[in-house]
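Engineer: Handing you a structure now.
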Amino acid sequence: MTNQNVIASDAKPSIDIRIRVLFPKSLFSTVVSEPVLTASPRLVKKMETAGGEAVTKTNNAYWVDSMRDSSPTRVKSTASSLSETEERKSWMINHPSALSMFEQILNASKGKQIVMFLDYDGTLSPIVEDPDRAFMTSEMREAVRDVARYFPTAIVTGRCRDKVYSFVKLAGLYYAGSHGMDIKGPSSKSRKYKKKDHEALLFQPASKFLPMIDEVYEVLIEKTKTIPGAKVENNKFCLSVHFRCVDEKMWDTLAEQVKSVLNDYPKLRLTQGRKVLEIRPTIKWDKGKALEFLLEALGYANSKDVLPVYIGDDRSDEDAFKVLRNRDQGLGILVSKVPKETNASYSLQDPAEVKEFLRRLVEWKRSSMLEYRRV
Ligand SMILES: O=P(O)(O)OC[C@H]1O[C@H](O[C@H]2O[C@H](CO)[C@@H](O)[C@H](O)[C@H]2O)[C@H](O)[C@@H](O)[C@@H]1O
């Protein structure tokens, strides 16, 4: 990796790219205009990590180490004497199960509109080897459909929006694909929640990058074809290079190949998820920004009467957890069986627990509505 892909948080941008909110008009007041940081000899050797923070390691060893880590990074035990069970117990004190804390969560939601944000892979569907076969169960679909009946609901994913729609198959939801760079609201027919007067919602802050992403996709396919098990996925405004099925001995070569391609594209950056290298435009847009954008679109920008609930399992979801933490509002729930470094406040073990959590929310909402009618 040369300086070209290196991003310094304190660097002066050399190019400005305007990001346009396509709709709704009411949001033009908050048009995001983020600089794209490009190559500059003055830039020190720093690069964006998967979490979006600059680090100083740029060599291949950094990426291979990072590829070995879980995503988000597993908590590294400070006391070596701590058994895994003890470690988990101590982590659970700070990140209790959202199921065992369900009553407290309901109390926090009193008088507030819950808005649901759901990541897809590892949250609604289990992690599988073949990304094209990451189907969600019909029971999960039912749980998401029911939740969306009572609460505005968005699917927020690194995947291409159309692809995730082909898995979820539910109208009436908001879909934020490509790590939030492709946001679409429900069609007017299926829309239930309309706080602002908008016909349809479409927001694609990285549309200028489409030709570049397509080009890099072709180059990466060619470059990685000699690495058995490597798979390149086109997620429209970003790309994924999967290494789940690549022999660990080849990770070094794969990381090297990917970085060599990116050397020619200084406006793209590399991040990492669960056994996947992700290539994204260097705009300051992520799942956290998508969450804020959607809250605004729903009319809850500065509202105290909203409780955003974000459930996700991966490093890219940390951007959304961070936003909730900084707003001191809402609940971040990390899906993980093992202790991980996270900005989420609560945890759920796996998609089965996510489904249970969604079901309980629906049950509670139904019974409180019946109660309300009776009174
Ligand atoms: O934001 P998400 O919905 O979590 O999407 C992140 C990436 O998910 C997919 O990859 C992950 O799931 C695959 C299927 O279980 C698995 O094979 C892979 O190892 C995981 O990284 C998706 O294929 C990627 O494009 C997304 O970026």
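The values are calculated or read from the model by the stated rules, or taken from the named source; none is laboratory data. As the structure is a computational prediction, the values presented were derived from the model and not from experiment. Counting neighbours? That spans all protein chains shown, and the Cβs are built from the backbone with ideal geometry, glycine included. These accessible areas exclude ligands, DNA and RNA; they are computed on the full protein's heavy atoms, side chains included. Shrake-Rupley method; radii C 1.70, N 1.55, O 1.52, S 1.80 Å.
Engineer: Quick one: is Ile311 open to solvent by less than 10 Å² (accessible area, probe 1.4 Å), β-branched (Val, Ile, Thr) and within 14 Å of the ligand (Cβ to nearest atom)?
Structural biologist: So Ile311 passes the test.
Engineer: Let me ask another. Using beta carbons and a limit of 6 Å, which pairs, at least six apart or on different chains, have the first residue in segment 275-298 and under 13 Å from Asp319 (Cα atoms) and the second one polar (S, T, N, Q) and assigned to a loop (DSSP other than H, G, I, E, B)?
Structural biologist: If the second residue must be polar (S, T, N, Q) and assigned to a loop (DSSP other than H, G, I, E, B), no pairs are left.
Engineer: Within segment 88-174, which helices (runs of 4 or more DSSP H) (wholly inside it) include 1 or more residues that are aromatic (Phe, Trp, Tyr) and more than 15 Å from the ligand (Cβ to nearest atom)?
Structural biologist: Once the helices (runs of 4 or more DSSP H) in segment 88-174 are filtered for at least 1 residues that are aromatic (Phe, Trp, Tyr) and more than 15 Å from the ligand (Cβ to nearest atom), what remains is 102-108, 138-150.
Engineer: I've got another one for you. So is Asp350 touching a residue at least 12 places away in the same chain (Cβ under 8 Å) and within 16 Å of the chain's Cα centre (by Cα) or not?
Structural biologist: no
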